[in-house]
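Right, one structure below, let's go through it.
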Amino acid sequence: MRVLLFMASTLLAQESIPARAKPGDYKVSAALGAHTIAADFLGHTVPAPESAFLTEDYIVIELAVFPAAKSDFRFDSGKFSLRVNGKKPEMLSQSPGFVAASLKYPSWEQRPRMEASGSIGNAGVILGRDRTARFPGDRRAPAPPIGMPPKQPGVGAEVEKQESTRPEEWVTKLAWADGPVKGPAAGLLYFPFRGKLDKIKKLELVHADAVLVLR
């Protein structure tokens, strides 16, 4: 257990995705000036080390940069866009903060849902009501999973202390941060997309000086 905890803390400290050994280890690669970039299309999946999870409203691209020897490279996420089925304009990459918010506060998104009411004796019952946080600072306790009794105060405190990193935190930790790149590095880019993935016939990651055909 101590070894596993040490490994997890090491990953958290890195706050990045390790680049693979060479550009050929990715689905596609291309020259970007004197440098090389490579990428994989991950669908809606964020490959967190503890457990992968889905972002329903975003497409995830894993992008790696292999800078030329003794040459500086400065990463700028704003220079990348995503072209779906050849359509223009391309989608711009989104801040990981928006993606994290969509996971942490899902009720911000207006989604249709059914809500029914009834009563049992003198007690009212409401089925289907959203009990997730509706806005930053909402302090309501989340509802326990169906079939699980509410957590009692003081119970499971040690488990809470060892709680794994939340999905919305991994979204930020694994995302590309703009700035200088030293040595091979990798990270995630997020693009808004709510359609079905099977309708994507062609997918291109576009940079002013390179195009990566991911599908």
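The values are calculated or read from the model by the stated rules, or taken from the named source; none is laboratory data. As the structure is a computational prediction, the values presented were derived from the model and not from experiment. Cβ coordinates were reconstructed from backbone atoms using ideal geometry, including for glycine residues, and neighbour counts include every protein chain displayed. In case anyone asks, the SASA skips ligands and DNA or RNA and just uses the protein heavy atoms, side chains included. Shrake-Rupley method; radii C 1.70, N 1.55, O 1.52, S 1.80 Å.
Quick check: at a probe of 1.4 Å, how many percent of the accessible area of the stretch 28-112 sits on carbon and sulfur atoms?
Details: 2250 of 4330 Å².
Carbon with sulfur: 52 percent of the solvent-accessible area.
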Task: Interatomic Cα distance distribution for the stretch 27-87, bins of 10 angstrom, percent - done: 17, 43, 31, 9, 0
- [ ] Would you list which lysines come within 29 Å of LYS87, measuring only between C-alpha atoms, while excluding same-chain residues fewer than 8 positions from it?
- [x] LYS27, LYS79, LYS196, LYS199, LYS201, LYS202
TODO: Can you check what the net charge comes to around ALA48, using other residues whose Cβ is under 11 Å from the Cβ of ALA48 (Lys, Arg +1; Asp, Glu -1)?
DONE: -1
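For the stretch 161-208, what does the alpha-carbon gyration tensor say about shape, rounded, prolate or oblate, given a ≥ b ≥ c as the root eigenvalues, a/c under 1.5 as rounded, and a/b over b/c as prolate?
Details: a/c = 3.12, a/b = 1.24, b/c = 2.52.
Oblate.
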Open item on the list: Taking R0 as 41 Å, what FRET efficiency do you get between HIS44 and ASP76 from their Cβ-Cβ distance, rounded to the nearest 0.05?
Closed with: 0.95
